[in-house]
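What follows is a short report on a single structure.
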Amino acid sequence: MGELGREVEMATIRTTSDSFPAGSTWVRADFHLHTKADKEFNYTGEDNSFVKAYIEALKKAEIKVGLITNHNKFDKGEFAALRKGAMSEGILLLPGVELSVNDGAHGIHMLIAFGDEWIAEGSDHINPFLQTVFQGKTPVEYENENGRTKEGLVTILETLKSYHKDFFLIFAHVEDRSGLWTELDGGRLEELGRNEDFKDFTHGFQKVRTHDLPERKCRVKVEKWLGWYPAEVEGSDCKKIEEIGKGEKCYLKIGAFHFEAVKFALRNATNRVAKEPKQHKRSYIKRLRFDGGTLDGHEIEFSTGLNTLIGIRGSGKSSLIEAIRYGLDVPFGEKPQDEKYKKDLVPHTLGSGGKITIIAVDGFGQEYEVRRIWGHGPEVFVDGLRQPGVSIRETVINKPLYFGQKDLSSSGEGFEKDLVEKLLGSAVSEIRVKIELQKDRVQQVAGRFNKLKDIATRREENQQKKLDAEFKFERYKKYGMEEKLQKQMDFDTDGRKLNEINQAVANFAESLSGILVDYEDTIRNSLLYKSKQNSSFFLGYFEVFNRVMAQLESVVSAVANLKNILPDLEKQKTDFAGILQSLKEEFATTERTIADELKAAGVPAVRPDEFRQLSKTIEQAKAIIEELDKEQNKSNAIYQELLKEVSALNELWYQEFKLIEAEMAKVNSHHSSLVIEVKFKDDKEAFKAFLKSMMGGSNIRDLTYGRIVDQFIDPVAIFQEKAKVDELLGNSATVFWQYFSDALDTFLVWQVPNRFLIKYKGKELTEHSLGQRASALILFVLSQREHDLIVIDQPEDDLDNQTIYQDVIKLVNKLKVDTQFILATHNPNFPVLGDAEMVVSCEYLNDHIDVQLGSIDDKKVQERIVNIMEGGEEAFNRRKEIYGIWKPRNFLK
């Protein structure tokens, strides 16, 4: 193999992982480069320094792809040296020539890029081609910009084709002298536009400056004349090293350094050619790293665009998908398919103590590390420092959307709600936190209300106790007991009152202390606030606020004083107990005297201590009745408070509904055929099932539950309309209210679910065929613009290849500029026709998942797609058919 052949081979063996670790990426290209082999090129340096100086100039201009196009000349020795030096710096140089074609008034300058087979294995088919088209002339005569070929453009194309080797054409400085647009009129351009060879091999116009000017030839006119339009590219047309990279720039999106990758980029100009690199401005996963488990030691780079995971069934694609879901802490959803299988994948993949690390970048360019060990929660790090409280699915990756295997092909019970929840992401998180807090408030008030529900019963019990004691007390009074024991009874009353007063003061002090705990720090810290914009206003505000501080100090002082007084009150109570103790003998003597007198009078059953107890019972019963009467008033107030709290809860539920409705409106706006409708508290079947579950064993008939659900929107409405419920239920009302009252705190915080209807072309989704449902759903999901990352395991389930190509792939190609896709698939149309920026090939070997990475431009990746994917060759053939660029290879036969 000759030196040139070895250098050509070097260009094809450089792997994607070496130069394109994240798959296809934007690189600057220059399609019009001259060298010192060109007579028009001015180089005054040392010959042995030229290659180094030239490569340095390419590096300085950040050119990664260059086309060497000397005027009617190809110097294979110089090219080999330049290519070798360029490849060592990660730069691809393509062999080419600027051919002066004998057409038009001044000739047409056409840049030809040759495939490597023109110079493979040390051969050189370029110079023989030049000798053919300049037949009858010597190199001295034609190796300059004014030399012209013997034949015109169409004949030159036929000559190029006769070599049966790949090439493409770019027309140089199309609007200048010797440019295609300048030299040919509209009629001739229309004629060329119909020529299949011209159309198939023309991949670019260089230096287009006029876009839409009616009085001049311009892009709009040329496109109309041709009926098609190639890529617009740039080239410096340098006449010395210092001019390399001058002028406007152009960029290609490629994933490997070879001729075919460049050619495909030009033919797919909409997605792969740009004046400036298209910047990804939203959050994305940059890299995965695994420690332990079946992926131990692997680092997997991702592109910001389309990433496809490929491999035979059981190769580990789903393991990667579920590991990503687990690392980002994305829930399965409420109705996942194959939940056990998916849950088991993660521990199998990570293993005991295994860890996944996700390197992610947010929409502001900030890089994060999300680390998660199996069985533990995720942790977020920035620059190695843990950031507690950072939300992964909001701050790090905005609203990632995940669907596991078969999740999108299902449409059973609960599917609609599950889909909506996934689309919502964290959009309703804030209102749901408020809802949970309000539920707590409702349950607290409901508990207080339930405690007071038996006031009437308790009042009746104490009234009976009081009446009974009063009856017995009257019998004792006729024996003069009241007068004889009055002093003792008065002392008993005083002792009870002292206890009551001291307890009230203690409770008062405790309540004030609790208020201080809740508010003191907040009020004091308010004085520390410094306004950036309204400092003078806040000076005046805090002058008024100081009056609040004065009151606060009064309360603090009052609490301190109360706490100081409490021991003195207790001492007073102790002193009173001492007085009572000093009278103990006196009271005992009185009781003995009374007992002796009663016995002498023949009334031995009457005891003084029982009389005192009856007096105490009457007094306590009166106090309890008074308190219960107060509590009855409290009960009415608590009932009103409860109604207020459940009303606030209902308002929050309604706000949540409106948020969901608004989010679904945004979701629906991206897709005209499929829409999601939201209906507030409309899931009657769920309401009925809830009632039946709460009242199990009540023997209430199913028909009765149906009538309740028809009449009342939710349990709160039932609670508020007792009379209507009684009328509706008749004999069943008593048992119904017993169950309802016992679980009041549960009933009042249970929300009748909102109902979600998914309609496709005006009909509910369930009324369509499985294929139609699958097509509609996948297109609907992929079209969402609110989600920075979409992760789907096997999106092709239940889709035919025509739908995948005509609809799904085209949509992915349109959206991947802004949305990162990670798709595990068996269908080659996704990586091939989807023009995947990164392909992750998985293979399960000896309890380990082997992973190979590369862009769709990488030839090894292409081979893996053909060899392991179902219909891979067909997908490549279709791509060849569409773009006409993938030349046949042995593995494509």
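Computed over the Cα atoms, what is the radius of gyration of segment 737-882 divided by 2.2 N^0.38 Å, N being its residue count?
1.47
Over segment 193-240, how many pairs of lysines fall under 27 Å by alpha carbon, counting only those 8 or more apart in sequence or from different chains?
Summing the qualifying lysine pairs gives 9.
Once the Cβ-Cβ distance between Leu528 and Val555 is put in as r, and R0 is 22 Å, what FRET efficiency do you end up with, to the nearest 0.05?
Step by step, r from the Cβ atoms, then E = 0.65.
Run the numbers on segment 42-196 and let me know its relative contact order in percent, using alpha-carbon pairs under 8 Å that are six or more apart.
Relative contact order of segment 42-196: 22 percent.
Pairs Lys281/Lys406; Lys161/Lys275; Lys434/Lys666; Lys465/Lys599; Lys36/Lys246: which exceed 20 Å Cα-Cα?
Those over the limit are Lys281/Lys406; Lys161/Lys275; Lys434/Lys666; Lys465/Lys599.
Normalised by the number of residues in the chain, what is the relative contact order in percent for Cα pairs under 8 Å and 6+ residues apart?
16
Quick one: in segment 758-818, what % of C-alpha pairs are over 17 Å apart?
Summing the P(r) of segment 758-818 above 17 Å gives 41 percent of all pairs.
Report P(r) for the chain: all Cα-Cα distances, bin width 10 Å, range 0 to the bin holding the largest distance, values in whole percent.
It works out to 2, 9, 14, 14, 13, 12, 9, 7, 6, 5, 3, 2, 2, 1, 0, 0, 0, in whole percents.
Please name whichever of Ile700, Phe712, Asn877 sits farthest to the positive end of the charge dipole of the chain, dipole taken about the Cα centre and charges placed at Cβ: Lys and Arg +1, Asp and Glu -1.
Of the listed residues, the answer is Phe712.
What residues qualify as long-range amide H neighbours of Asp683, i.e. H under 5 Å apart, gap of 5 or more or another chain, H built at 1.01 Å from N?
Arg755
Between Lys573 and Ala637, 0.36 nm times their residue separation minus their Cα-Cα distance comes to what?
19.5 nm
Suppose only helical runs count, i.e. DSSP H with n ≥ 4. What mean residue ellipticity at 222 nm does that imply for the chain under -39500 (n - 2.57) per run, divided by all residues and rounded to the nearest 500 deg cm²/dmol?
Calculated from helices alone, the mean residue ellipticity at 222 nm is -16000 deg cm²/dmol.
Restricting to the chain, compute how many DSSP beta bridges are antiparallel as a %, nearest 5.
Once the DSSP bridges in the chain are tallied, antiparallel ones form about 60 percent.
Using the 2.2 N^0.38 Å rule of thumb for compact globular proteins, work out how segment 144-266 stacks up: its C-alpha Rg over that value, please.
Ratio of Rg to 2.2 N^0.38 Å for segment 144-266: 1.11.
Ranking request for peptides 727-736, 846-855: highest mean number of other beta-carbon atoms within 10 Å first, then the rest in descending order.
Taking the mean over residues of other Cβ atoms within 10 Å, the ranking is 846-855, 727-736.
Please give the peptides 59-69, 159-169, 243-253 ranked by average Cβ packing (other Cβ atoms within 10 Å per residue), highest first, as a rough proxy for protection.
Per-residue mean Cβ counts within 10 Å order the peptides as 59-69, 243-253, 159-169.
Convex hull volume of the Cα atoms in segment 11-117, per residue, in Å³?
125
Considering Cα pairs under 8 angstrom that are at least six residues apart, work out the relative contact order of segment 203-330 and quote it in whole percent.
Here the relative contact order equals 14 percent.
How far apart, in nanometres, would the label points at Gln135 and Glu62 be if each is projected 7 angstrom from Cα along the Cα-to-Cβ direction?
4.8
Can you list residues whose amide H is under 5 Å from Tyr402's amide H, if they're 5+ apart or on another chain and H is modeled 1.01 Å from N?
Residues meeting the amide H criterion: Val791.
Quick check for you: which residues of segment 48-87 have the amide N under 16 Å from the point 7 Å beyond the Cα of Lys240 toward its beta carbon?
Answer for this model: 50, 53-54, 57.
Sorted by average packing, counted as other Cβ atoms within 10 angstrom per residue and highest first, what order do 367-374, 838-845 take?
Descending mean neighbour count gives 838-845, 367-374.
Do any of Lys439/Lys658; Lys343/Lys816; Lys422/Lys684 go past 26 Å between their Cα atoms, and which?
Cα-Cα > 26 Å for Lys343/Lys816; rest within.
If you average the C-alpha positions of segment 756-800 and of segment 111-164 separately, how far apart do those two centres end up, in angstrom?
Each part's Cα centre sits 53 Å from the other's.
Since every read-out is calculated from the coordinates, none of them should be taken as a lab result. Since the model is a prediction, treat every value here as computed from it, not as a measurement. A quick note on method: Cβ atoms are made from the backbone with ideal geometry, for glycine too, and the neighbour counts reach across all protein chains shown.
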